[in-house]
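I have placed the structure first, in the form of C-alpha cells, so that the comments after it can refer back to it.
The values are calculated or read from the model by the stated rules, or taken from the named source; none is laboratory data. If you're wondering where the values come from, they're calculated on a predicted model, not measured in any experiment. Please note: Cβ atoms are built from the backbone with ideal geometry, for glycine as well, and neighbour counts cover all protein chains shown. Note: areas computed on protein heavy atoms with side chains; ligands, DNA, RNA excluded. Shrake-Rupley method; radii C 1.70, N 1.55, O 1.52, S 1.80 Å.
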Amino acid sequence: MNASRSSFGKAKPHVANPEPGVTRIAAVQLAAGPNIKGNLNESGRLIEMAAEQGAKLVALPEYFAIMGLKDVDKVKAREKPGAGQIQEFLSATARRLAVWLVGGSVPLACANPEKVRNSCLVYDDKGKLAARYDKLHLFGFEMGKERYQEERTIEPGKDVVTVDTPFARLGLSICYDLRFPELYRAMKEVDIILVPSAFTETTGKAHWETLIRARAIENLAYVLAPAQGGYHLNGRETHGDSMIVDPWGVVLDRLPRGSGVVVAGVNLQHLRNLRQSLPALTHRMLHRC
C-alpha cells in the first residue's frame, strides 16, 4: 500500500520509480465550502502533490469547486459549457502539470434555468476537454433530520460515457451512480472506473467501501474513487475514505479523513491476467423474457 499524503503530514511527496507497464493514478480528497476560489486553490495544491508523486491521471471529487450553503448555490454558480473559472482551472492545471485531470463534477448550465447538469469533465494532458459525463442517477435520501433531493436542482444526464486515454480506458460515473451496477455493465469492459463522490457520513459509513470493492470485483476493473471527506459549512458531513481498488477488490491506497491524496499503480497486464484466470465477463448470461 502506498502511504497517503495528507495536507497535515510533514512528509515530502516523492516520485516512486514506476515499474514497467505501470501507470500511477491519484484521487484527491478535500472538504469543499461555498468559496469557489478557495476550493480551487486547495484543489490545485493537492493536484500538484499527486503529480509530484508521479500520477498521470488525477481525479477530484464531486462538488470539488463548490459545496454551497444551500442547494441552489450550485445553480447560481453554473457555467456555460466551455467557459467559466472552474473549467478554465481544470484545463490550465492539466496542461501545466501534464496530467489527465478529472473534474469530479462541475455545475453546467442546462435548458432549465432553475437546474444544472452535474457534469464530470475529463481533460487530457494538453488541457483539452476529452469527455463529459452528466450524472444519470440523482440522489434522494431521507432518514431522521437528513434529507437530500438532488432532482430539485439537477437535471439528469442521458448517456453512458467512456473515454480512451494513452494508458487505460475510463468509465465515468458520479457518486450515487455507484449503487446501480447495470451502468458499469453498459460500459463494456473498461479498465478504470471513476467514481468521484460526496457520500454522506450516514450512507458512506454503511456502504461506501462495500460498493466500491463490489464494482471493482464484478467488473474486474480498477476503481478510482475520490471523495469529499469532513465537515462542511452548510452543516453536512461527508464520509471521505477516498480509495483506489484493484480488479481483485484489493484496496491499494486510502485516506479515511481530511485533505490529501491517495496514489497507486495501474497495471493493465495484471488486469488482463485476472480476466483470463476468471473470465466472468464472458460468462454472463443474457436472460430473455
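Details
- Against the numbered list (1) more than 17 Å from residue 174 (Cβ to Cβ); (2) surrounded by fewer than 24 Cβ atoms within 10 Å (Cβ to Cβ), residue 261 comes up short only at (2).
- Taken over region 199-217, the criterion of being open to solvent by less than 50 Å² (accessible area, probe 1.4 Å) and at pLDDT 95 or above is satisfied by 208, 211, 212, 214, 215, 216.
The rows are residues; the columns are (1) of a type in the set (Lys, Arg); (2) over 25 Å from residue 185 (Cα atoms).
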residue: 210; (1), (2): no, no
residue: 232; (1), (2): no, yes
residue: 236; (1), (2): yes, yes
residue: 264; (1), (2): no, no
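- Residue list for region 138-193, filter: exposed (fewer than 13 other Cβ atoms within 10 Å of the Cβ) and either at pLDDT 95 or above or among the β-branched types (Val, Ile, Thr) (or both): 158, 159, 164, 166, 182, 186
- Cross-chain or 6+ apart pairs with Cβ under 7 Å, region 127-141 first and on the phi > 0 side of the Ramachandran plot, then basic (Lys, Arg) and at pLDDT 95 or above: 127/95
- Total residues in region 108-147 satisfying the condition of being more than 15 Å from residue 83 (Cα to Cα) and part of a loop (DSSP other than H, G, I, E, B): the figure is 15.
- Qualifying positions in region 195-212 - closer than 15 Å to residue 30 by Cα, part of a helix (DSSP H, G or I) and not acidic (Asp, Glu): none
- Residues of region 218-237 that are surrounded by fewer than 24 Cβ atoms within 10 Å (Cβ to Cβ), in contact (Cβ under 8 Å) with a residue 12 or more places away in the chain and part of a loop (DSSP other than H, G, I, E, B): 220, 232, 233, 234, 236.
- The residues of region 78-107 that are in a strand (DSSP E or B) and crowded, with 22+ Cβ neighbours inside 10 Å, listed by number, are 100, 101, 102, 103, 104, 105, 106, 107.
- The residues of region 54-77 that are in a loop (DSSP other than H, G, I, E, B) and small (Gly, Ala, Ser), listed by number, are 54, 55, 65, 68, 77.
- Residues of region 238-258 that are touching a helix residue (DSSP H, G or I) at 6+ places or on another chain (Cβ under 8 Å), assigned to a strand (DSSP E or B) and either open to solvent by 10 Å² or more (accessible area, probe 1.4 Å) or among the aromatic types (Phe, Trp, Tyr) (or both): 239, 251.
- Looking only at residues in region 61-77 that are surrounded by 16 or more Cβ atoms within 10 Å (Cβ to Cβ) and charged (D, E, K, R), the one that is farthest from the chain's Cα centre (by Cα) is 73.
- If you go through region 45-56 and pick out every residue that is in contact with a Lys or Arg (Cβ under 8 Å, 6 or more places away or on another chain) and closer than 7 Å to residue 99 by Cβ, you end up with 2.
- Residue count for region 148-174 under the criterion of being part of a helix (DSSP H, G or I) and out of contact with any Gly (no Cβ under 8 Å at 6 or more places or on another chain): the result is 1.
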